[in-house]
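Engineer: Please read through the structure below; I'll follow up with questions.
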Amino acid sequence: MTTGEQIIAELGNFDGAAEILQAWRDGMAPEPALLVSDWADKHRMLGSRGSAEPGPWRTARTPYLRDVMDALSPAHPARRVVFMKGAQVGGPLALDTAIPTAEGWATMGGLLVGDTLFDEAGRPCRVTGVSPVMIGRECFGITFDDGTYIVTDADHRWPVRDFTNTEQPAQRTLRTAEMIGRTKIGVSKRYRYAVDCCEPVVLPDQDLLIHPYVLGVWLGDGSATMNHISVDEDDAEIAKHLRVCGVDAVFRLPAWRKGRCANIVIDPTFRLIDDGATPARLQHRSRFTTHLRMLDVLENKHIPAAYLRASREQRLDLIRGMMDSDGSITPNGKRCEFSNTDPGLIEGIVELLRSLGYKPTIYQVASRRQVINGIDRDCLSYSRVSWTAYAEEPMFRLSRKLARMRSIERGRPLKSRRRRIVSIEPVESVPVRCIEVDSPSHLYLCGEGWIPTHNTECGNNWIGYVIHHAPGPMLAVQPTTELAKRFSDQRIDPLIEETPAIRQRVSPARSRDSGNRQLSKEFPGGQLVMTGANSAVGLRSMSARFLFLDEVDAYPGDVEGEGDPVALAEARARTFGWRRKTLLVSTPTISGLSRIEREYLASDQRRFFLPCPHCAAMQWLRFERLVWEKGEPDSARYLCEACDGAIGEQHKTAMLAGGEWRPTAIPQDPHAIGFHISALYSPVGWFSWSQTVRDWEAAQGDDRAIKTFRNTVLGETWQESGEAPDWQRLYDRREEWPPGTVAAEGLLLTAGVDVQRDRLEASIWAWAQDRQSWLVEHRILVGNPFEAAVWDELRALLGETWRHISGHRLGLAMTAIDSGDGMTTAEVYAFVRRAGAGRAIAVKGQDGLRAAIGQPSATEVRRNGRKLGGLKVWPVGSSFLKGETYGWLKLERPTAESGDPFPPGFVHLPLHAAGEEFCRQLTAEQFVARAGRNGFRRLEWVKTRERNEALDCRVYARAAAAALGMDSWGDGRWARMANALSLPAAEPAAPIHTDGAAPNSTTTTRPRGWLAPRSGWLR
Ligand SMILES: [Zn+2]
């Protein structure tokens, strides 16, 4: 007799005994040598916060990931696995920020006009507008005191209470940027801003398969596989409440019971099938069990989406059911508590409570032995959710628990319904998009956290597999140390918490010396270390058999002077010889610069081939074969390359199931295999072909948006058009306006300064809201930069003003000076310190920075060995800005006949300030491919002529505007600037000729639309 049978014999026969015995046998069977995908299907759980599709991992959902994961199993011969992917089907984007909608969670990136969201009062509102995806925006991570974390951009508006005056907090609407650095009151530890928890979300009654109270009781303490619920012997009353909800419920005191455990059976109808199997099988014929199966909650306890979005009373009833069976209330009646080992249920009840306007707090409780119902059990760690509630809105139906609830008059209800902002930290820019809603305030509820999608989970499944099944030293590298920390908090901690098999192997984080730290997790037989590709120390920290290199296209080219971070990491794996394994994952970037493309091209270049539903021809999906009626994305369909038959989205699921990876090249390295997947393969319901088309149409006319589309949707590199614009064309199309004046739309003046051995060169540019720009002046200040005179001249320039067409005078809002040449750095620093940070900044070009400007870093200023103090140096994405400038320089000028306005970004050059030399300098570089170190091609900007100061000055002036935040200013700010200039000027507008033939005309009327190509003097 096995132990299991002994236990059954001791307990006596009862409903379900046979099933328990079978489960015991399954559990005792030795595990076979698993593939990573098998492991994930068997053990991996996705929590509802951490995933778009919570519940057990199912490889069948994304069949193309099976081979990618299985190549990571120790038995597979590949040593390097390369995965080049589109980000829409994976990758950490703020576009993936979860948003609660009436239909369940949606992602920011997936929202459409017409979707229903909730405003800050919990009322449904409609999405009336969706912006294109924006990149390079300044982004921030906001942490609230209940642990909620949101990534947002600088301009997101928050309805907050400002607690500067504690007695009378002021209600305000502030942008993220306005709260940075002010989250605490003075030097005290009190948090200044609070966001009200939302009012209960208002939704209509749903037609639900199982009454929410009944489902709640079962979720709380029911058997995972059937219609039995264990309850305390005193709680027979629950059966009565269940019957009120329309189900048959029987209360039983089983003969075999120990302790105070009793049993309620819902809808008790069974049939024993004798089909010769031993033991005999029980067939559930209970209607309740059938319904549980239809809701997909059997052996998969979670709160189904329909219940999360049910009416307020229905949601309350679900909570009451869970609380009656598995909840409690503190003796003083202050706090309600719900404890459970199942993270999915915990996430669910937290979401329910938040949707009802409560502020739940979640505690992790470490594993320990406990006596439950008289039985000594070894408990897994579990979570406890605790919140304040009042008798006015009961959390129970069970009278003994209900009696403890206090009235609202005795509490402090306001405090419990607010979330304080704990911190606002800059984070690396991620693609974002704005939406507009039709609620009176135009505010909407944000989601929380990030949603790691399935492609990202590939690597996480590998980590889980290593911890559980193939222990060894593992190094997981993210682009920066900051991102590694976030990866640990938001991916690895949930992976550990949500997957029981792993949870048992890693000690809880809070115990001291547990081997579980933020960037290092120890487990029997191995260790997982997380680090950033920007840290040479981190990359050298340990020998690793397994290397997980994530988002490699965002790695720096060189880490702290020690070379390529990928090579550095791989050197640490060499000692493991053929047993080592490297996974490189990324969304690609620019063709020729992209690491992941380089790696993919060196591999056997596998593509996922799918059978045509019409002719069965195997083919891989290309964007070029997608067709649609212009302006009608919903008409999108795929044309088979063999039979030209139209394939609709509805065939995708079957096609994916019949797909297979096929190599398309002979690999340079026989141990390297490479996979490429685009968003076209997204499972039905995630990212549709019509969405692909919609994004493509939205990107038209904007080079950067098209680049984003190719990178993130198609997972392809972008061929940067680095060809210089023709200087002659620029020269010929120069415009004429009075020297020293600023165009009507030019509301902001910035300067860029280039430092040479014998002179300084400065360009002054005016900027409009749509980033059109006008060269105001290019000035050369002759003098030795190691002597004071030339700097005095520059100081005078900083104090000058220029006449705006309105008659007002404009000064320089910001000047950026290049400090990167290494020789004159100290002189530049000294000048900037004297000028003050509000007037001038020191900038330095940074390789590979894919934004106009990066986060400034503090530098110590020394001169002649003497310490002068600190200074912030701003990294400038010179390559990025040169590309942007060239894109704008190539824009066509609208013809006079068309009457069209100038396109956004158009660069205006004046006859008087932009001569032949200036135009030649502005186009003096080409973006070309060169053989780099280690033989790989790399793209870089190279001078095609000696002098290029005009281009450098332009880039620095643009960086100065970016440092001011110009790219994220909203309509309101520009309107205020324009209004200020529209007021009568103190000094009368100088005469401006409106006709090239009459430069000294005495007309004093303000010229109308002198920017419009219609006006006669623009040629
Ligand atoms: Zn076909």
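The values are calculated or read from the model by the stated rules, or taken from the named source; none is laboratory data. Computed from a predicted structure; not experimentally measured. With ideal geometry, Cβ positions are generated from the backbone for all residues, glycine too; neighbour counts draw on all protein chains shown. Note: areas computed on protein heavy atoms with side chains; ligands, DNA, RNA excluded. Shrake-Rupley method; radii C 1.70, N 1.55, O 1.52, S 1.80 Å.
Engineer: Closer than 26 Å to ASP67 by Cα, in contact with a strand residue (DSSP E or B) (Cβ under 7 Å, 6 or more places away or on another chain) and modelled with pLDDT of 85 or more, is that true of GLU570?
Structural biologist: Yes: the conditions hold for GLU570.
Engineer: Just need a number here: residues in segment 880-921 that are of a type in the set (S, T, N, Q) and open to solvent by less than 20 Å² (accessible area, probe 1.4 Å).
Structural biologist: Going through segment 880-921 one residue at a time, the tally reaches 2.
Engineer: Right, something else. If you go through segment 744-794, how many residues are part of a strand (DSSP E or B), in contact with a helix residue (DSSP H, G or I) (Cβ under 8 Å, 6 or more places away or on another chain) and over 14 Å from VAL907 (Cα atoms)?
Structural biologist: Residues meeting the conditions: 15.
Engineer: What single numbered condition from (1) of a type in the set (Val, Ile, Thr); (2) in contact with a helix residue (DSSP H, G or I) (Cβ under 8 Å, 6 or more places away or on another chain); (3) buried (at least 17 other Cβ atoms within 10 Å of the Cβ) fails to hold for THR859?
Structural biologist: Status for THR859: all satisfied but (3).
Engineer: Are any of the residues in segment 254-261 at pLDDT 85 or above and on the phi < 0 side of the Ramachandran plot?
Structural biologist: There is no residue in segment 254-261 that is at pLDDT 85 or above and on the phi < 0 side of the Ramachandran plot.
Engineer: For the subset of segment 624-633 comprising residues that are surrounded by 14 or more Cβ atoms within 10 Å (Cβ to Cβ) and more than 16 Å from the ligand (Cβ to nearest atom), which member is nearest to the chain's Cα centre (by Cα)?
Structural biologist: Among them, the one singled out is PRO633.
Engineer: Among the residues of segment 573-586, what is the count of those that are crowded, with 20+ Cβ neighbours inside 10 Å and either of a type in the set (Ser, Thr, Tyr) or within 30 Å of the chain's Cα centre (by Cα) (or both)?
Structural biologist: Residues meeting the conditions: 6.
Engineer: Output the qualifying pairs, or none if there are none: Cβ atoms under 6 angstrom, residues six or more apart or on different chains, first residue in segment 604-622 and more than 20 Å from ILE666 (Cα to Cα), second residue near the ligand (Cβ under 8 Å from one of its atoms) and open to solvent by 30 Å² or more (accessible area, probe 1.4 Å).
Structural biologist: HIS614/CYS643; CYS615/ALA642; CYS615/CYS643; ALA617/ALA642
Engineer: For segment 159-184, name all the residues that are in a helix (DSSP H, G or I) and open to solvent by less than 70 Å² (accessible area, probe 1.4 Å).
Structural biologist: Listed by number, the residues that qualify are THR176, ALA177, MET179.
Table: residues versus (1) within 17 Å of GLY811 (Cβ to Cβ); (2) touching a residue at least 60 places away in the same chain (Cβ under 8 Å).
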| site | (1), (2) |
| --- | --- |
| GLU745 | no, yes |
| ALA762 | yes, yes |
| ALA766 | yes, no |
| ASP770 | no, yes |
| SER773 | no, yes |
| ALA788 | no, no |
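Engineer: Okay, moving on. Where in segment 490-573 are there strands (runs of 3 or more DSSP E), lying fully within it, with 1 or more residues that are among the polar types (S, T, N, Q) and under 29 Å from ARG595 (Cα atoms)?
Structural biologist: Those strands (runs of 3 or more DSSP E) span 520-523, 526-532.
Engineer: Another question about this same structure. Across segment 331-367, what is the total count of residues that are assigned to a loop (DSSP other than H, G, I, E, B) and out of contact with any Pro (no Cβ under 6 Å at 6 or more places or on another chain)?
Structural biologist: 10
Engineer: Ok, one more. Here is a check on your reading of the model: is ARG540 open to solvent by 20 Å² or more (accessible area, probe 1.4 Å) and either under 14 Å from GLY472 (Cα atoms) or in contact with a strand residue (DSSP E or B) (Cβ under 7 Å, 6 or more places away or on another chain) (or both)?
Structural biologist: no
Engineer: Which one is surrounded by the fewest Cβ atoms within 10 Å (Cβ to Cβ), of the residues in segment 587-623 that are under 29 Å from the mean Cα position of the chain (by Cα) and either on the phi > 0 side of the Ramachandran plot or within 16 Å of the ligand (Cβ to nearest atom) (or both)?
Structural biologist: Here the residue is ARG622.
Engineer: Those residues that are more than 10 Å from the ligand (Cβ to nearest atom), open to solvent by 20 Å² or more (accessible area, probe 1.4 Å) and either free of Cβ contacts under 8 Å to residues at least 24 places away in the same chain or in contact with a Pro (Cβ under 8 Å, 6 or more places away or on another chain) (or both), I need them from segment 636-658; list them, please.
Structural biologist: If the condition is that a residue be more than 10 Å from the ligand (Cβ to nearest atom), open to solvent by 20 Å² or more (accessible area, probe 1.4 Å) and either free of Cβ contacts under 8 Å to residues at least 24 places away in the same chain or in contact with a Pro (Cβ under 8 Å, 6 or more places away or on another chain) (or both), then HIS651, THR653, ALA654, ALA657, GLY658 are the ones that fit.
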